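The values are calculated or read from the model by the stated rules, or taken from the named source; none is laboratory data. None of these values were measured; they are calculated from a predicted model. Counting neighbours? That spans all protein chains shown, and the Cβs are built from the backbone with ideal geometry, glycine included.
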Amino acid sequence: MKPSRVVIISYQVGFGDCFLLSFEYPNEQRHVLIDFGSTGLPDGVPKNQLELIANNIAERTKDQRLAVVATHRHKDHISGFATKKQRPSSGKTIADLKPELVLQPWTEDPKLAVDAKGPLPPGVSLSAHHVSSLAAMQQVAGAIFSEVKRVRYLSPSLRQELSFMGENNLANLDAVENLMTMSATREYAKAGDKTALEDLLPGIKIDILGPPSIEQSEKITKQRSRDQDEFWHLMANAASSLGPTKVQRVAPLFPDFTVDRTAGRFPIDARWIISQAKRLRADQMLRLVRILDNVLNNTSLILLFRCGSKSLLFPGDAQIENWSFALGQAAVREKLKKVDLYKVGHHGSLNATPKSLWDLFDRKSVEDNPDRLQTLMSTMAHKHGDEERRTEVPRQTLVQALDRQSALFTTQSLNEKELFHETSLDLS
Amino acid sequence: MRNVKGTRHSLRSSRQLSIIAQDPSVKVDDRIVRASIDVPAEELLPGPRGYRVVVVDYDATANALYQPASLSSGLEGEYTDPFQEAPDETLLSDPRFHAQNVYAIAMRILARFEFALGRRVQWGCEGHQLNILPHAFAEPNAFYSRDDRSLFFGYFESFPDKQDNTHTVFSCLSHDVIAHETTHAILDGLRSRYLEPSSPDQGAFHEGLADVVALLSIFALPDVVGAALDGMAGGALIDQALLERDTLANSVLFRLADEMGQEMSGVRGCALRHSIKLPPGKNYMDDPEYQEVHKRGELLVAAMLRSFLDIWISRLNRIGTIVDGQKDRSLVIEEGARAADHLMTMAIRAIDYCPPIDLSFSDYLSALLTVDREVVPDDRYGYRGALLANFKDFGIFPSKRAAADGTWLRCDDEMIYSRTHFDSMLRDNEEVFRFVWENRRTLKIGDIGYIEVQSVRPSVRIAPDGFVLRETIAEYVQVLTVTAGELRQDFNVDVPDGIRFWRPLRLLGGGTLIFDEYGQLKYQIANHLLKDRGDKKRQGDRLAYLWKQGLLDTKNDRAGNFSALHLARSGVQERAG
């Protein structure tokens, strides 16, 4: 049995990802939902957009076979799976569809998770250390998010960037729990693993190209995973020296020794260095959230669907560090040359479409032709990164290249009433 | 001439202040080990704010300013030490002591550099005064920022112990962390180009030297050394068993930032505990794991510290036992102090004998050997032998441009001196540039690129015959900007394939010129721009390294650079670009 066609629905989730792949078999359709999350919707889009999307997914897949893929744990990829105490919720709607498989990266495996207040002792596996630092990183994001809400010295753009990144990296406990319980079969995969998704989709070969396990990573990454675990745990709890935040204030370290402000200002001779220290603190926070944001992005599953002569590539938000394991293998590079449809990594950030990957795609062309590479980008501008630093998402130079050399669809082109865009690919 | 106190005799030049000798976790008889150290005497504003160090206790995380420490004036009375008798709880809970602690340690390290070099030493940042923020933010981190003219020290909460208790760890109470960061600021003043991305050695040198200075400076504190050796606050004798090599190497004296280390073994601290125990005899220099600058810095520390241990032990062997295998405790400590002092002076002076750009460990070893030869021509104390053997154990050999004994080649070329003036050559960058320009052929600096004399400084020391010796150290730097294509075609340099031909690349060359007391060129210690095949290889290797690390063409955000480096010690790496 082999599907004749695949329809890909790109939902309007603003800054986030939500793709429904519907494979048309002779007598039925089978579906894979890849990610469902958002951190910020465009103006004019209904507030309950995620519920509308969940209902649409339900209509399309009701009583048909469905699998769910959550590429990684960022909010913009899983928030739609969250359940609320009051019904209805988008997460409940999806859970009610009873997906027969939930596929996630190995870093989500609850067997590796530990309820640790601090870093794990030596002797525990490096994978467990890595998972433990991921959890600590989310706590760091939380600490930074609350500091950003509390302090008043940040410029509006910096505050927006820090809040966005902080929030996107917070742990989504509801969504994580729902993903853990919505299906009887759960898979936690690393690069090179086989997946039961192939049983659901006969006639389709599915390669998992990432994320690499710690053992598959470079030697140096392996050795550092323990130290990183320590660092992130210390970082997560560093501010607890100050006590809890109350009414947007924290108690100082030495309450009996503070210098009073006159008219809200510190003494004149300290002002210059205070402003420098604030700037530096903001810089450090940004640095930290960027690092942890990248690390979490790099836990993304990279999936390559192959059917007959067609190949579809869904890399989540994987960035160069995740990609480098796959790109280091000649056999994988051969497969990547033939990609027909590419879900643009990480909403169009530059680092998520490594040049060495883009250069591989044989089907890119400036002229329109039936075999021309198709690219799908789910994104929203002015949420992530900064134009001045050339880190804005989507990155203009990448968008130009995508637009010139492929048939690009971006969710930014949907109007506020359009819920989705449909792309169809003949697989026969 | 009478001074302000109405006497013709000079004012006191130093005062004593209490510090926490290592960090709050190092205790004897359940009391934090402290030391009373000499710092230059000066009239301070509250802070303390002095002529080189200004402490401002601002906490960005809490947005709070803590009260400044006020240290007494020596003009209106005597210099006093407000925390001399204070209990441990006060030391931990009074931010004014923390301020005093960072002030005193930073001033002491600065004074140690000035003592070794015989001149005033500048910070790497603008101005004369370095700001120190002892509680800058809640973060397991501490760093030097050139742009902010500051050292920032973080604090954080420890991991819970067995009883589930935590406590606050202050990096501003760790002698080693303060000494380390202060050394960064001083080294940046001596060699500003060492913060630029170059070879892994150059980045590692900043870290390694900072650790070496932090560790060796402890040996000048006899009470601390004694307490670390036998855990006692005093005594006349010490058991020989405590002076075995392994026991010494395991002692707290060779562990950097013990408390920080226990809390964050990967971030700080453990580095040293680890480095003296790095098994020698492996080719670390080519090991991919040791390409990372922080890890690589440990090699320098291991080689230096093992050399020190060798010298100390050989000196100890000459001290006889008095009763039952016990030795004179104060002699043991004094021998350690002497060896550490000599090695520290060498380590600092050697910086003057290093090329101003693209420093390698081999260059530094040759500089160390040269400095020692100048002072002790016959190596009667075995320092050079110990250094050569221990550096070799970690795969570090003297520079290929050095003489057979590893010291720099002396300059014997005929130079044109008559167009410059002796007196101006002692202090004037313009005059030294004229000298460089007139002699560019003999100095083999070629005729391409832009040349700049960065500094002209005196170096004063006591010669082997007991007389004062004054030499002059000048640094020049050459900069050449060419495209990758030109570099490949015209200069035959191996540029990494990924770099597009149109991309402009900046190459550096440069040298240190050492003039003797007659103003004659004694040494030219240079990494030339593109003089020979060796230079071309160096430039190619540098480009390949920068390209691989993503450091090519990054904005020169130096403050950021340093804080990023310190995060990286934890293995937490930031992607450049």
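Can you tell me which residues in region B:134-144 are more than 7 Å from every other protein chain (Cβ to nearest Cβ), touching a Gly at 6+ places or on another chain (Cβ under 7 Å) and of a type outside the set (A, V, I, L, M, F, W, C)?
Going through region B:134-144, the residues more than 7 Å from every other protein chain (Cβ to nearest Cβ) turn out to be B:134, B:141-144.
Filter again for touching a Gly at 6+ places or on another chain (Cβ under 7 Å), leaving B:141-142.
Passing the criteria: only B:141.
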(request) Would you mention how many residues in region A:24-44 are assigned to a strand (DSSP E or B) and either in contact with a helix residue (DSSP H, G or I) (Cβ under 9 Å, 6 or more places away or on another chain) or within 16 Å of residue A:76 (Cα to Cα) (or both)? (result) 8
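Yes/no per residue for (1) modelled with pLDDT of 55 or more; (2) over 18 Å from residue B:170 (Cβ atoms); (3) under 18 Å from the mean Cα position of the chain (by Cα); (4) not basic (Lys, Arg):
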{"site": "B:245", "(1), (2), (3), (4)": "yes, yes, no, no"}
{"site": "B:251", "(1), (2), (3), (4)": "yes, yes, no, yes"}
{"site": "B:254", "(1), (2), (3), (4)": "yes, yes, yes, yes"}
{"site": "B:260", "(1), (2), (3), (4)": "yes, no, no, yes"}
{"site": "B:266", "(1), (2), (3), (4)": "no, yes, no, yes"}
{"site": "B:269", "(1), (2), (3), (4)": "no, no, yes, yes"}
(message) Can you find, within region A:340-371, the residue that is farthest from residue A:13 (Cα to Cα) among those that are within 13 Å of chain B (Cβ to nearest Cβ) and among the hydroxyl-bearing types (Ser, Thr, Tyr)?
(response) A:356
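Condition test on residue B:126, is it more than 30 Å from residue B:459 (Cβ to Cβ), more than 11 Å from chain A (Cβ to nearest Cβ) and surrounded by fewer than 17 Cβ atoms within 10 Å (Cβ to Cβ)? Give the steps one after another, and end with the answer.
Details: more than 30 Å from residue B:459 (Cβ to Cβ): no; more than 11 Å from chain A (Cβ to nearest Cβ): yes; surrounded by fewer than 17 Cβ atoms within 10 Å (Cβ to Cβ): yes.
No; evaluated as a whole, the condition is false for this residue.
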(message) Among the residues that make up region B:406-415, is at least one of them surrounded by fewer than 22 Cβ atoms within 10 Å (Cβ to Cβ), under 21 Å from the mean Cα position of the chain (by Cα) and in contact (Cβ under 8 Å) with a residue 12 or more places away in the chain?
(response) no
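Out of all the residues in region A:357-391, which are of a type in the set (Ser, Thr, Tyr), within 21 Å of residue A:333 (Cα to Cα) and part of a loop (DSSP other than H, G, I, E, B)?
Narrowing region A:357-391 to residues of a type in the set (Ser, Thr, Tyr): A:365, A:375, A:378-379, A:391.
So of that shortlist, the ones also within 21 Å of residue A:333 (Cα to Cα) come out as A:365, A:375.
Hit for region A:357-391 is A:365, nothing else.
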(message) Among the numbered criteria (1) within 14 Å of chain A (Cβ to nearest Cβ); (2) of a type in the set (Ser, Thr, Tyr); (3) assigned to a loop (DSSP other than H, G, I, E, B), which one does residue B:90 miss?
(response) (3)
(request) Determine which single condition residue A:354 fails, assuming it passes every other condition in (1) in contact with a Ser or Thr (Cβ under 9 Å, 6 or more places away or on another chain); (2) under 30 Å from residue A:132 (Cα atoms); (3) buried (at least 21 other Cβ atoms within 10 Å of the Cβ); (4) not hydroxyl-bearing (Ser, Thr, Tyr). (result) (3)
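Take the residues of region B:195-210 that are at pLDDT below 90 and among the acidic types (Asp, Glu): which is farthest from residue B:33 (Cα to Cα)?
Looking only at region B:195-210, we keep the residues that are at pLDDT below 90, and these are B:195-200, B:203, B:207.
Filter once more, so that each one left must be among the acidic types (Asp, Glu): B:196, B:207.
On the way: B:196: 38, B:207: 26 Å.
If we take residues in region B:195-210 being at pLDDT below 90 and among the acidic types (Asp, Glu), then B:196 is farthest from residue B:33 (Cα to Cα).
Here's the yes/no breakdown for (1) within 16 Å of residue A:172 (Cβ to Cβ); (2) within 11 Å of chain B (Cβ to nearest Cβ); (3) in contact (Cβ under 8 Å) with a residue 12 or more places away in the chain:
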{"position": "A:105", "(1), (2), (3)": "yes, no, yes"}
{"position": "A:109", "(1), (2), (3)": "no, no, yes"}
{"position": "A:113", "(1), (2), (3)": "yes, no, yes"}
{"position": "A:121", "(1), (2), (3)": "no, yes, no"}
{"position": "A:124", "(1), (2), (3)": "no, no, no"}
{"position": "A:141", "(1), (2), (3)": "yes, no, yes"}
{"position": "A:156", "(1), (2), (3)": "no, no, no"}
(request) Being without any contact (Cβ under 8 Å) to a residue 60 or more places away in the chain and either within 14 Å of chain A (Cβ to nearest Cβ) or in contact with a Leu (Cβ under 6 Å, 6 or more places away or on another chain) (or both) is the filter here, so list the residues in region B:31-57 that pass it. (result) B:44, B:45, B:46, B:47, B:48
(message) For region A:378-389, give me each residue that is touching a Ser or Thr at 6+ places or on another chain (Cβ under 8 Å) and surrounded by fewer than 16 Cβ atoms within 10 Å (Cβ to Cβ).
(response) A:386
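Can you name every residue in region B:280-296 that is more than 13 Å from every other protein chain (Cβ to nearest Cβ) and polar (S, T, N, Q)? Before the answer, list the steps.
Taking region B:280-296 first, the residues more than 13 Å from every other protein chain (Cβ to nearest Cβ) are B:280-286.
The answer is B:283, and nothing else.
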(message) Just to be sure before I move on: is residue B:168 among the hydroxyl-bearing types (Ser, Thr, Tyr) and within 14 Å of chain A (Cβ to nearest Cβ) in the structure I sent?
(response) yes
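Condition test on residue B:431, is it surrounded by 13 or more Cβ atoms within 10 Å (Cβ to Cβ), at pLDDT 90 or above and in contact with a Ser or Thr (Cβ under 6 Å, 6 or more places away or on another chain)? Walk me through it before giving the result.
Numbers: surrounded by 13 or more Cβ atoms within 10 Å (Cβ to Cβ): yes; at pLDDT 90 or above: yes; in contact with a Ser or Thr (Cβ under 6 Å, 6 or more places away or on another chain): yes.
For residue B:431, the condition - surrounded by 13 or more Cβ atoms within 10 Å (Cβ to Cβ), at pLDDT 90 or above and in contact with a Ser or Thr (Cβ under 6 Å, 6 or more places away or on another chain) - is met.
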(request) List every residue pair whose Cβ atoms sit under 8 Å apart, with the two residues 6 or more apart in sequence or on different chains, where the first one lies in region A:270-291 and is at the interface with chain B (Cβ under 9 Å from one of its Cβ atoms) and modelled with pLDDT under 90 and the second, anywhere, is part of a helix (DSSP H, G or I) and surrounded by fewer than 20 Cβ atoms within 10 Å (Cβ to Cβ). (result) A:283/B:560; A:287/B:560; A:287/B:564
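Return yes or no: is residue B:154 more than 9 Å from chain A (Cβ to nearest Cβ) and either surrounded by 16 or more Cβ atoms within 10 Å (Cβ to Cβ) or out of contact with any Phe, Trp or Tyr (no Cβ under 6 Å at 6 or more places or on another chain) (or both)?
Details: more than 9 Å from chain A (Cβ to nearest Cβ): no; either surrounded by 16 or more Cβ atoms within 10 Å (Cβ to Cβ) or out of contact with any Phe, Trp or Tyr (no Cβ under 6 Å at 6 or more places or on another chain) (or both): yes.
Criteria not met by residue B:154.
Which of the helices (runs of 4 or more DSSP H) contained wholly in region A:135-229 include at least 2 residues that are within 30 Å of residue A:285 (Cα to Cα) and not hydrophobic (A, V, I, L, M, F, W, C)?
Once the helices (runs of 4 or more DSSP H) in region A:135-229 are filtered for at least 2 residues that are within 30 Å of residue A:285 (Cα to Cα) and not hydrophobic (A, V, I, L, M, F, W, C), what remains is A:156-168, A:173-181.
Kindly check whether there is at least one residue in region B:103-118 that is assigned to a strand (DSSP E or B), modelled with pLDDT of 95 or more and farther than 19 Å from residue B:23 by Cβ. Full working, then the answer.
Taking region B:103-118 and keeping what is assigned to a strand (DSSP E or B), we get none.
Within region B:103-118 (the criterion being assigned to a strand (DSSP E or B), modelled with pLDDT of 95 or more and farther than 19 Å from residue B:23 by Cβ), the answer is no, since none of the residues qualifies.
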(request) Select, from B:60, B:64, B:69, B:86, the only residue that is surrounded by fewer than 20 Cβ atoms within 10 Å (Cβ to Cβ) and at pLDDT 90 or above. (result) B:86
(request) Quick one: count up the residues across region A:394-413 that are at pLDDT below 95 and part of a loop (DSSP other than H, G, I, E, B). (result) 2
(request) Go through (1) under 20 Å from the mean Cα position of the chain (by Cα); (2) within 14 Å of chain A (Cβ to nearest Cβ); (3) not in a loop (DSSP other than H, G, I, E, B) one by one and return the number of the condition residue B:147 breaks. (result) (3)
(message) Can you tell me how many residues within region B:104-119 are in contact with a Lys or Arg (Cβ under 9 Å, 6 or more places away or on another chain) and either of a type outside the set (A, V, I, L, M, F, W, C) or without any contact (Cβ under 8 Å) to a residue 60 or more places away in the chain (or both)?
(response) 3
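Per-residue answers, yes or no, for (1) surrounded by 18 or more Cβ atoms within 10 Å (Cβ to Cβ); (2) in contact (Cβ under 8 Å) with a residue 12 or more places away in the chain:
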| site | (1), (2) |
| --- | --- |
| B:287 | no, no |
| B:294 | yes, yes |
| B:297 | yes, yes |
| B:317 | no, no |
| B:322 | no, yes |
| B:327 | yes, yes |
